[in-house]
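The values are calculated or read from the model by the stated rules, or taken from the named source; none is laboratory data. The shown structure was predicted, so the numbers you read here are calculated from the model rather than taken from an experiment. Glycine also receives a Cβ, built like all others from the backbone with ideal geometry; neighbour counts cover every protein chain displayed. In case anyone asks, the SASA skips ligands and DNA or RNA and just uses the protein heavy atoms, side chains included. Shrake-Rupley method; radii C 1.70, N 1.55, O 1.52, S 1.80 Å.
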Amino acid sequence: FNMYYGIKDIFLGRRTAYDQLRKKEFWALKDINFDLHEGEIIGIVGENGSGKTSLMRLIAGIYTLEQGEILLRPDLKITSVFALKSGMQPLYTGLENIYIKGALYGMSRREIDDQVAFIREFSELGDKLDMPFGNYSSGMGARLAYAIAVATQPDIFIVDEALAVGDSVFKTKCYEHLKEYVKQPGKGVLFVTNNIRKVLKVASRVLVMDKGEVILASNDVEQALTFYIENCLKHLSEDKRKVKLSIVKSYDL
C-alpha cells in the first residue's frame, strides 16, 4: 500500500491534509507533548516499533513535520547519534575520521582542531588514531565515534541506542559524563534505549512509548520502567505476566 499511495500521490496530486488515515495506514507518532528542561536526562523506552527513533529524528530535524510543532530556541544546537559509525571511512585513519565526522556534524576546521585533544583523551585511543579506521574493533570504532559526537558540545544531545557497543569501563565513563554534562547551563539529554539498567543509572525522568504515543511520563524512574515491562507483557494472562515480570526484573532491574 505504500507504493500504491505513492504512485497515487504522484499522478493524482499529493494530499495536503494529514488528519485522516487511509486504508492500512497508521500514525507513526500521535498526540505527543513533552518538555525537555535544562539539566534533565529523559530516558525514552518502548517496544520495538513504538516510535522512539521517529520522534528523535523529528526533534533532530532529520524528518519533517506534517502536523504539530517542535519549539526550540533559535540558537539551540542539537547533536543526534543514531547509527554511531555512519560516515566514518574505513581507509582513513582515526584522526582523519575525526575531521570527516566533525564536518558532517557541522563543525568548522578550527572547532575540530580545538577538540582533537579532547577526543583523543575521551576515546582513550592514543596512538591508535594513526591506524586506519577499518582496522578498529567495533568497540574502538564506537569509542571514537561517540567521542566526536560529545565534542560537538550540543545543547541537546540525542543518544539513540548508541552505547550498545564497547566495553563496560568505557560505557560507565560515558554514563558518568552524561550526568556531569547536563550540569552545565542550558544542556539536556534525550536517552533512547531498551536497556533498563542504563535508564536507571542516568535518567531523571522517563517517557514510555507504545504505538506512536507516550503512554506514561514519570519522574519515578523505577516505577516507569516496571510499567514499561508490564506493558510489553500485556498480551499474557495475569499469572503468566507475573512470572515473566519476575524473570525480567531479575535480569534488568
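Largest GNM mean-square fluctuation across 25, 213, 230, computed for the chain with C-alpha springs under 10 Å, falls on 25.
Applying the criteria of a DSSP loop state and at most 13 other Cβ atoms within 10 Å to the GluC sites (Glu not before Pro) of the range 50-141 yields 66, 69. The length gained by stretching the chain between residue 72 and residue 91 to full extension, at 0.36 nm per residue less their Cα-Cα distance, is 3.0 nm. Working note: Karplus 6.51/-1.76/1.60 with θ = phi - 60° gives the range 58-70 the couplings 5, 5, 6, x, 6, 9, 9, 6, 9, 8, x, 8, 10 Hz, where Gly and Pro are set to x. Between residue 244 and residue 219, the contour length at 0.36 nm per residue exceeds the alpha carbon distance by 6.5 nm.
Compared with the dominant Cα axis of the chain, that is its longest principal axis, helix 109-123 is turned about 80°. Computed about the Cα centre, the dipole magnitude for the range 173-252 is approximately 240 debye when only Lys and Arg (+1) and Asp and Glu (-1) carry charge, each at its Cβ.
Where both bridge residues fall in the chain, DSSP classifies roughly 25% of the beta bridges as antiparallel.
Taking amide H as placed 1.01 Å from N in the peptide plane, residue 44 has its amide H under 5 Å from the amide H of 191, 192, 193, 207, each at least 5 places away in sequence or on another chain. The order of the peptides 82-90, 50-58, 241-249 by mean Cβ neighbours within 10 Å, most packed first, is 50-58, 82-90, 241-249. Under a Gaussian network description of the chain, with springs only between Cα atoms under 10 Å, the residue in 152, 79, 64 that fluctuates furthest is 64. For the range 7-120, the Cβ-based charge dipole about the Cα centre amounts to some 580 debye (Lys, Arg positive; Asp, Glu negative; other atoms uncharged). Dividing the mean sequence gap of close Cα pairs (under 8 Å, 6+ apart) by how many residues the range 168-253 holds gives a relative contact order of 20 percent. Remark: for residue pairs 171/249; 30/211; 198/242, the C-alpha separation exceeds 18 Å in 171/249; 198/242. Couplings 3J(HN,Hα) for the range 26-43, derived from phi with the Karplus relation 6.51 cos²θ - 1.76 cosθ + 1.60 (θ = phi - 60°), are 8, 7, 5, 9, 8, 6, 9, 8, 7, 10, 10, 9, 3, x, 8, 10, 9, x Hz, where x marks Gly and Pro. Computed over neighbours whose Cβ is under 10 Å from that of residue 99, the net charge equals 0, Lys and Arg +1, Asp and Glu -1. Phi angles across the range 181-192 convert, under the Karplus curve 6.51 cos²θ - 1.76 cosθ + 1.60 with θ = phi - 60°, into 3J(HN,Hα) values of 4, 6, 7, 6, x, x, 10, x, 10, 10, 10, 9 Hz, Gly and Pro given as x. Take every pair of alpha-carbon atoms less than 8 Å apart whose residues are at least six positions apart; their mean separation over the length of the chain yields a relative contact order of 28 percent. Taking 176, 38 and ordering them by how much accessible surface each has at a 1.4 Å probe, largest first, produces 38, 176. Around the amide H of residue 49, modelled in the peptide plane, lies no amide H under 5 Å away from a residue 5 or more places distant or on another chain. Largest mean-square fluctuation among 130, 75, 114, in a Gaussian network model of the chain whose springs join Cα atoms under 10 Å apart, belongs to 75. Rounded to the nearest 20, the size of the Cβ-charge dipole of the chain about its Cα centre is 680 debye, with Lys and Arg at +1 and Asp and Glu at -1.
In this calculation the C-beta distance from residue 104 to residue 177 is compared with R0 = 30 Å, giving a FRET efficiency of 0.90. Projecting the Cα positions of 216, 150, 248 onto the charge dipole of the range 149-253 (unit charges on Cβ atoms of Lys, Arg, Asp and Glu, taken about the Cα centre) puts 248 furthest along the positive direction.
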